[in-house]
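Undergrad: Input: one structure, supplied below.
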Amino acid sequence: MGEPNESEINELTNLTAAEQLDLLAVAKMLNSLSEGGDLETISAVRQVYFAEPKKHLKRNDISLRIKNYALENYCCERTAWKLLERAWMLCAKIRGLRF
């Protein structure tokens, strides 16, 4: 599964209720970011987390993807981490988690 959408998430039966709520929060977060025009954050999330969705993550995969994102988008790694942090915080707020 690549980028989640609400109808596909509701059809998945092999997920726990918590996993479904997490994926719904991600879909709502992406919608919220796109409505707000925060295309840079959406781009970072897509390139880091939605790259090769069926491949199991290995050690340092996320860090390497962040380095690649920074190189491809002419920004520093710190900026890439900050963009992802913005997405994490919004997703946690939508999901109702404390942070």
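Undergrad: Out of everything in segment 73-87 that is of a type outside the set (Asp, Glu) and exposed (fewer than 13 other Cβ atoms within 10 Å of the Cβ), what residue ends up being nearest to ILE62 (Cα to Cα)?
TA: This residue is ARG78.
Undergrad: List, please: which pairs have Cβ atoms under 6 Å, are six or more places apart or on different chains, and start with a residue in segment 47-63 that is surrounded by 12 or more Cβ atoms within 10 Å (Cβ to Cβ) and end with one that is in a loop (DSSP other than H, G, I, E, B)?
TA: What qualifies is PHE50/GLY2; PHE50/GLU3.
Undergrad: So which pairs qualify, if the first residue must be in segment 73-89 and within 16 Å of ALA25 (Cβ to Cβ) and among the aliphatic types (A, V, I, L, M), the second must be at pLDDT below 95 and not in a helix (DSSP H, G or I), the Cβ gap must be under 7 Å, and the two must be at least 6 apart or on different chains?
TA: Listed by first residue and then by second, the contacts come to MET89/PHE99.
The values are calculated or read from the model by the stated rules, or taken from the named source; none is laboratory data. Model, not experiment: these values are computed from the prediction. Backbone-built Cβ (ideal geometry, glycine too); neighbour counts: all protein chains shown.
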